[in-house]
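Data block below; observations after.
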Amino acid sequence: MKNKIEELFNEIELFTANTKEHVEEFRIKITGKKGKLTELFDDFKTIAPELRKEVGQKLNELKNKAQDKINSLKETLENTDDRPKENTDLTLPAKTVSIDSRHSLSIIRNQIVDIFSRIGFTVSDGLEIEDDWHNFTALNTPADHPARDMQDTFYINKNPDILLRTQTSSVQVHVMENTKPPIRTISPGRVYRNEAISARAHCQFHQVEGLYIDKKVSFADLKQTLLYFSKEMFGEETKIRLRPSFFPFTEISAEMDISCPFCKGDGCSICKGAGWVEILGCGMVDPSVLDNCKIDSKQYSGFAFGMGIERIAMLKYQVKDLRLFFENDVRFLKQFKSVI
């Protein structure tokens, strides 16, 4: 009887079928009322008692294997029948696959992150919904500052003030509160301001802000860092100039221009004949900001800078309308395939 079981095992293992009818014939032949498996179970009644345990286990294995085989064949044939019938000409050339491109703002963001990472800056992320302390107060922005007006800021709640962040400097406050100097980090992200949408302004845009805090950090360190960035982003021949300005959280403060990358400083429509274009604001971190974040301003100093990613992208790609970055026009986005 063991030989019969083994032979039936092999028969089930080797069986294949091309149609559902063949599978049904096989089922009747093996597991039907007069099938081979039924005959073996009938013979099982006549074997010696000491062999029944071993033989019974093999019969049950055989029964399960037969049923699994039948179910597997049925499932395979059903899936095959569901597939659409089509005549495929294997000699035809393959269809061209269109490779999508990254968004132009993502390309510029990645380039900025890569440039600063080469000189030791890490990336810090934060929440887009912030409280008053991290967005304004800790950054030395007084209660009567125009930026706190609801005409300039999107507030979610009042008392306590919860708002959509107006700058990624709020991320830097979190970093300073939770990290001991030295600190060298950049904070890219989306920010929101209550402004009318036009070719040059939008209610949402993207920033990258940088922060470096350590002992004996000077304005010369800031200048050399920004000069390095400008040359890496816009070309080795790029020059920079720093003009006095004012920001609540830096003292001294400056705005930085680069020599126009299109006319090389000779004057053109892009730079309005000046030969220079503004790209960012910067300055030495105000000591009161350090103190607000529990950093000893007598022992440490630092610099900070911030730039709009859209501003850099408009210069790099000669885009004249800021709104194009937010319209998801495929014709516009396809232009940046070559710089994935």
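The values are calculated or read from the model by the stated rules, or taken from the named source; none is laboratory data. Fair warning: this is a prediction, and the values are worked out from it, not measured in the lab. Here the Cβ positions follow ideal geometry from the backbone for every residue, glycine too, while neighbour counts run over all protein chains shown.
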Inset, instruction - Just need a number here: residues in region 244-256 that are modelled with pLDDT under 95 and either touching a Leu at 6+ places or on another chain (Cβ under 8 Å) or charged (D, E, K, R) (or both). - result: 3
Legend entry - Any hit, region 24-46, residues being more than 19 Å from residue 70 (Cα to Cα), aliphatic (A, V, I, L, M) and surrounded by fewer than 14 Cβ atoms within 10 Å (Cβ to Cβ): no
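Give region 1-57 a look and list any residue that's of a type in the set (S, T, N, Q) and over 21 Å from residue 75 (Cα atoms), or say none. Write out each step before concluding.
Step one: list which residues in region 1-57 are of a type in the set (S, T, N, Q), which gives 3, 10, 16, 18-19, 31, 38, 46, 57.
Selection gives 3, 10, 38, 46, 57.
Regarding region 126-149, can at least one residue be identified that is acidic (Asp, Glu), under 30 Å from residue 225 (Cα atoms) and in the same structural domain as residue 328 (by TED's automatic domain parsing)? Even if it seems obvious, please write down each step before you answer.
Just the residues of region 126-149 that are acidic (Asp, Glu), to begin with: 128, 130-132, 144, 149.
In the following step, the residues that additionally are under 30 Å from residue 225 (Cα atoms) were identified as 128, 130.
Of the ones still in play, those that are also in the same structural domain as residue 328 (by TED's automatic domain parsing) are 128, 130.
Yes: one or more hits.
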Inset, instruction - Tell me, yes or no, whether region 267-279 has at least one residue that is under 24 Å from residue 108 (Cα atoms) and of a type in the set (Asp, Glu). - result: yes
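Does residue 270 qualify as being buried (at least 16 other Cβ atoms within 10 Å of the Cβ), modelled with pLDDT under 90 and either in contact with a Phe, Trp or Tyr (Cβ under 9 Å, 6 or more places away or on another chain) or among the basic types (Lys, Arg) (or both)? Spell out how you get there, then give the answer.
Values: buried (at least 16 other Cβ atoms within 10 Å of the Cβ): yes; modelled with pLDDT under 90: yes; either in contact with a Phe, Trp or Tyr (Cβ under 9 Å, 6 or more places away or on another chain) or among the basic types (Lys, Arg) (or both): yes.
Spelling it out, residue 270 is indeed buried (at least 16 other Cβ atoms within 10 Å of the Cβ), modelled with pLDDT under 90 and either in contact with a Phe, Trp or Tyr (Cβ under 9 Å, 6 or more places away or on another chain) or among the basic types (Lys, Arg) (or both).
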Legend entry - Residue identified as more than 30 Å from residue 24 (Cα to Cα), of a type in the set (A, V, I, L, M), modelled with pLDDT of 95 or more and more than 21 Å from the chain's Cα centre (by Cα) among 123, 113, 97, 173: 173
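Please give the helices (runs of 4 or more DSSP H) falling wholly within region 257-340 in which 1 or more residues are of a type in the set (Phe, Trp, Tyr). Break it down stepwise before answering.
Working: elements: 287-292, 309-317, 330-333.
The qualifying helices (runs of 4 or more DSSP H) are 309-317, 330-333.
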Legend entry - Residues (crowded, with 17+ Cβ neighbours inside 10 Å and in a loop (DSSP other than H, G, I, E, B)) located in region 134-163: 136, 140, 141, 153, 161
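Pull up region 210-239, narrow it to residues that are in a strand (DSSP E or B) and buried (at least 19 other Cβ atoms within 10 Å of the Cβ), then point me to the one that is nearest to the chain's Cα centre (by Cα).
Looking at the filtered set, the residue picked out is 210.
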Inset, instruction - Considering only region 53-62, state which residues are within 55 Å of the chain's Cα centre (by Cα) and surrounded by 14 or more Cβ atoms within 10 Å (Cβ to Cβ). - result: 62
Inset, instruction - Scan region 148-179 for residues that are free of Cβ contacts under 8 Å to residues at least 12 places away in the same chain and within 30 Å of residue 301 (Cβ to Cβ) and jot them down. - result: 178, 179
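To keep it simple, each residue is scored yes or no on (1) modelled with pLDDT of 80 or more; (2) assigned by TED's automatic domain parsing to the domain that holds residue 308; (3) within 45 Å of the chain's Cα centre (by Cα); (4) not in a helix (DSSP H, G or I).
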| site | (1), (2), (3), (4) |
| --- | --- |
| 11 | no, no, no, no |
| 17 | no, no, no, yes |
| 26 | no, no, no, no |
| 43 | no, no, no, no |
| 51 | no, no, no, no |
| 78 | no, no, yes, no |
Inset, instruction - Could you list, in sequence order, all residues of region 164-200 that are within 10 Å of residue 125 (Cα to Cα), of a type in the set (A, V, I, L, M, F, W, C) and crowded, with 22+ Cβ neighbours inside 10 Å? - result: 171, 186
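Quick one: in region 309-328, which of the residues that are surrounded by 18 or more Cβ atoms within 10 Å (Cβ to Cβ) and in contact (Cβ under 8 Å) with a residue 60 or more places away in the chain is farthest from the chain's Cα centre (by Cα)? Let's see the steps before the verdict.
Taking region 309-328 and keeping what is surrounded by 18 or more Cβ atoms within 10 Å (Cβ to Cβ), we get 309-315, 322, 324-325.
Filter once more, so that each one left must be in contact (Cβ under 8 Å) with a residue 60 or more places away in the chain: 309-310, 312-313, 315, 322, 325.
Values: 309: 16, 310: 18, 312: 20, 313: 19, 315: 24, 322: 22, 325: 17 Å.
Here the answer is 315.
Have a look at 172, 207, 167 and point out the one that is in a loop (DSSP other than H, G, I, E, B), in the same structural domain as residue 293 (by TED's automatic domain parsing) and under 15 Å from residue 249 (Cβ atoms). Step through it out loud before you land on a result.
Working: 172 fails: in a loop (DSSP other than H, G, I, E, B); 207 fails: in a loop (DSSP other than H, G, I, E, B).
After applying the criteria, what remains is 167.
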